[in-house]
1. Only one of (1) part of a loop (DSSP other than H, G, I, E, B); (2) within 23 Å of Asp233 (Cβ to Cβ); (3) outside the structural domain of Asp216 (by TED's automatic domain parsing) fails for Gly68. Which number is that?
2. Residues to consider are Tyr196, Tyr237; find the one that is over 29 Å from Leu78 (Cα atoms), among the aromatic types (Phe, Trp, Tyr) and not assigned by TED's automatic domain parsing to the domain that holds Gln80.
3. Can you name the residue in segment 108-120 that is crowded, with 18+ Cβ neighbours inside 10 Å and closer than 17 Å to Met64 by Cα and, of all such residues, is modelled with the lowest pLDDT?
4. For segment 72-94: of the residues being among the basic types (Lys, Arg) and outside any helix (DSSP H, G or I), which is surrounded by the fewest Cβ atoms within 10 Å (Cβ to Cβ)?
5. Looking at segment 180-193, which of its residues are at pLDDT below 95 and not in a strand (DSSP E or B)?
6. Of Val139, Val210, Val189, Val198, which residue is touching a Leu at 6+ places or on another chain (Cβ under 9 Å), surrounded by 15 or more Cβ atoms within 10 Å (Cβ to Cβ) and hydrophobic (A, V, I, L, M, F, W, C)?
7. Report, by residue number, each residue of segment 222-240 that is buried (at least 21 other Cβ atoms within 10 Å of the Cβ) and within 16 Å of Gln174 (Cα to Cα).
8. Is it the case that Ile59 is hydrophobic (A, V, I, L, M, F, W, C) and part of a strand (DSSP E or B)?
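The values are calculated or read from the model by the stated rules, or taken from the named source; none is laboratory data. Predicted model only: the values in this text are computed from it and were never measured. Virtual Cβ from ideal backbone geometry, glycine too; neighbours counted across all protein chains shown.
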Amino acid sequence: MNQEHQQPVFCQSCSMPMLEQDIGGTELNGERSSDYCKYCYSDGAFVQPELSVEDMIDICVPHMVETGMEASAAKAILQQQLPGLKRWSPNRDRLQPARIEEKQAFTIAGIAITTTNADEISGQGQIGELWSRFYSPDVQSQLVAVRTDGDAYACYCNYENGTAGRYDLIAGAQVGTPEIDPSLNLGTVAVPSAKYAVFTTEKGPIQSVVYRAWEDIWYWFAHSEVERAFTGDFEYYGERAADPSSAQVDIYIAIK
């Protein structure tokens with residue numbers, strides 16, 4: 001299996017992005033850890049085994065402040081991220097694919113950004129703002145004319161380097177044709193026919209359950225023989241996601 005793009009995107013102790021192989025800690029046999037960074041883990045053991053998750057949050061906040069983030073925002077992000085990581089929840093049942101499904105090609109119209117996982121994890125991301133724009137009256141009024149139903153999609157495409165590089169994310173709706181009125185201020189993406197591993201989130205606050213699901217998805221692929229295709233992945237927000245306080249979302253990951 002080609003592991004180059006299968007590594008977890010962040011350390012399972014401190015949530016530090018692990019986009020370079022030399023960031024990984026070491027096991028007793030000298031091999032790189034696929035779960036933990038070198039600052040948290042060395043020679044098969046945690047560097048500071050006495051730490052609690054609250055201690056780790058306090059350690060990480062100043063590093064995020066150095067990137068320009070407000071301390072309160074950094075702490076809020078870490079309080080959401082860290083408790084679900086492997087070190088702090090070793091017995092948590094992680095998501096497994098609910099099913100393998102083949103889907104025919106379809107088209108999504110909406111608004112897009114270009115970002116990286118490192119930016120999103122660090123709090124310098126754009127995804128939150130993208131969704132705010134998507135649900136604005138201006139964008140929704142344009143989609144009414146072309147969408148086939150009331151469901152929403154978030155499509156990840158045009159990957160430059162798997163999980164390590166830039167990618168495009170389009171928040172949109174399914175449309176019946178790739179050709180839409182050019183006067184509409186919308187972009188389109190053609191999602192190709194593909195085989196998908198489908199992960200279904202827990203039911204809960206939409207932002208939290210989707211974030212935790214992606215943690216589990218990255219972890220599952222890092223420890224699975226199944227390889228991602230990176231031809232286009234998407235989150236599907238159907239009827240079960242209508243209530244953002246108690247939502248359930250399907251995440252489709254293209255596989256080889």
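1. (2)
2. Details: Tyr237 fails: over 29 Å from Leu78 (Cα atoms).
Of Tyr196, Tyr237, the one residue that is over 29 Å from Leu78 (Cα atoms), among the aromatic types (Phe, Trp, Tyr) and not assigned by TED's automatic domain parsing to the domain that holds Gln80 is Tyr196.
3. Only one residue fits best here, namely Ala118.
4. Keep residues of segment 72-94 that are among the basic types (Lys, Arg), which gives 75, 86-87, 92, 94.
Still in the list and also outside any helix (DSSP H, G or I): 86-87, 92, 94.
On the way: Lys86: 16, Arg87: 18, Arg92: 13, Arg94: 15.
Among residues in segment 72-94 that are among the basic types (Lys, Arg) and outside any helix (DSSP H, G or I), the one surrounded by the fewest Cβ atoms within 10 Å (Cβ to Cβ) is Arg92.
5. Hits for segment 180-193 are Ile180, Asp181, Pro182, Ser183, Leu184, Asn185, Leu186.
6. Values: Val210 fails: touching a Leu at 6+ places or on another chain (Cβ under 9 Å); Val189 fails: touching a Leu at 6+ places or on another chain (Cβ under 9 Å); Val198 fails: touching a Leu at 6+ places or on another chain (Cβ under 9 Å).
Criteria check complete, one pass: Val139.
7. Gly232, Asp233, Phe234, Glu235, Tyr237
8. Values: hydrophobic (A, V, I, L, M, F, W, C): yes; part of a strand (DSSP E or B): no.
In short, no.
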